[in-house]
1. Checking the condition at pLDDT 95 or above and either closer than 30 Å to ALA19 by Cβ or of a type in the set (Phe, Trp, Tyr) (or both), which residue from ALA131, ALA136 passes?
2. Among the residues of region 79-94, write down those that are within 14 Å of SER8 (Cα to Cα) and either over 14 Å from the mean Cα position of the chain (by Cα) or free of Cβ contacts under 8 Å to residues at least 60 places away in the same chain (or both).
3. Cβ contacts < 6 Å: first residue farther than 18 Å from TRP81 by Cα, restricted to region 39-65; second residue of a type outside the set (Gly, Ala, Ser), any location; separation 6+ or different chain. Result?
4. Go through region 104-134 residue by residue and tally those that are of a type in the set (A, V, I, L, M) and either assigned to a loop (DSSP other than H, G, I, E, B) or under 15 Å from the mean Cα position of the chain (by Cα) (or both).
5. So which residues in region 62-101 are modelled with pLDDT under 90 and of a type in the set (Ser, Thr, Tyr), if there are any at all?
6. In region 46-61, how many are touching a helix residue (DSSP H, G or I) at 6+ places or on another chain (Cβ under 9 Å) and at pLDDT 95 or above?
7. Restricting attention to region 46-56, does a residue exist that is more than 18 Å from VAL140 (Cβ to Cβ) and surrounded by 13 or more Cβ atoms within 10 Å (Cβ to Cβ)?
8. Just the residues that are in a loop (DSSP other than H, G, I, E, B) and either closer than 17 Å to PHE78 by Cβ or not polar (S, T, N, Q) (or both), please, taken from region 13-41.
Amino acid sequence: MANRVSASITLGGTLSPYAYEALTALITAEALSTEWDGEPFETDHHVPGTALSLFAHEVANGRFEALEAWCAEHGIAFARWSGAYPSQWGAERVVFTGAGEPISYPVDEDDYVVIGRAALERLASYDAVLAYFDAADFVVPPLVVDKAAPFPQELLARPGFVETVSS
């Protein structure tokens, strides 16, 4: 059985209505809610014009693997926090800006970024340290559902998403 901790994730970017439906199917599969100990997520829980913040306790390995992979594949920005599991891993914040690769930052249990001596020596300058903190403090943009957004056909093959689209 996997080690489990509390975790949260904030999502943002622009999606088609079909892609939003696929995203919400993944969110539902992860049993996430819009507040700690809240009701299970439903599509109308997202407040337009804001990023979508989701929370859960007892998250396997502190990661939302399918959701994070889907977001990275489709350019949806996210920032995920997960608590530490003693003797296994420390608390972390993973940031994906919508492009490139997700980057992990060590944090404490209150989600404050921490930095060790080796990282300070590697960064070597005050400006580089500030840039490191700025990158870790990435502000996730609002999650926007836009009918004009492109709809990737591969979404139809995702588990939990059934839709017929005429060509």
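1. Values: ALA131 fails: either closer than 30 Å to ALA19 by Cβ or of a type in the set (Phe, Trp, Tyr) (or both).
Only one candidate qualifies: ALA136.
2. Within region 79-94, GLY83, ALA84, ALA91, GLU92, ARG93, VAL94 qualify.
3. Once the first residue is farther than 18 Å from TRP81 by Cα and sits in region 39-65, its partners that are of a type outside the set (Gly, Ala, Ser) give PHE41/ILE27; PHE41/LEU32; THR43/THR24; HIS45/THR34; HIS46/LEU52; GLY49/PRO142; THR50/PRO142.
4. Taking region 104-134 first, the residues of a type in the set (A, V, I, L, M) are 107, 113-115, 118-120, 123-124, 128-131.
In the following step, the residues that additionally are either assigned to a loop (DSSP other than H, G, I, E, B) or under 15 Å from the mean Cα position of the chain (by Cα) (or both) were identified as 114-115, 124.
Summing the residues that are of a type in the set (A, V, I, L, M) and either assigned to a loop (DSSP other than H, G, I, E, B) or under 15 Å from the mean Cα position of the chain (by Cα) (or both) in region 104-134 gives 3.
5. TYR85, SER87 - these are the residues of region 62-101 that are modelled with pLDDT under 90 and of a type in the set (Ser, Thr, Tyr).
6. Initial filter on region 46-61 (touching a helix residue (DSSP H, G or I) at 6+ places or on another chain (Cβ under 9 Å)): 46, 52, 54.
Checking the rest, the ones that are also at pLDDT 95 or above come to 52, 54.
So the answer is 2.
7. Within region 46-56, the first condition is being more than 18 Å from VAL140 (Cβ to Cβ), and the residues that meet it are none.
Looking through region 46-56, none of the residues is more than 18 Å from VAL140 (Cβ to Cβ) and surrounded by 13 or more Cβ atoms within 10 Å (Cβ to Cβ).
8. GLU30, ALA31, LEU32, THR34, GLU35, TRP36, ASP37, GLY38, GLU39, PHE41
The values are calculated or read from the model by the stated rules, or taken from the named source; none is laboratory data. Remember, it's a predicted structure, so these values are computed and weren't measured experimentally. A quick note on method: Cβ atoms are made from the backbone with ideal geometry, for glycine too, and the neighbour counts reach across all protein chains shown.
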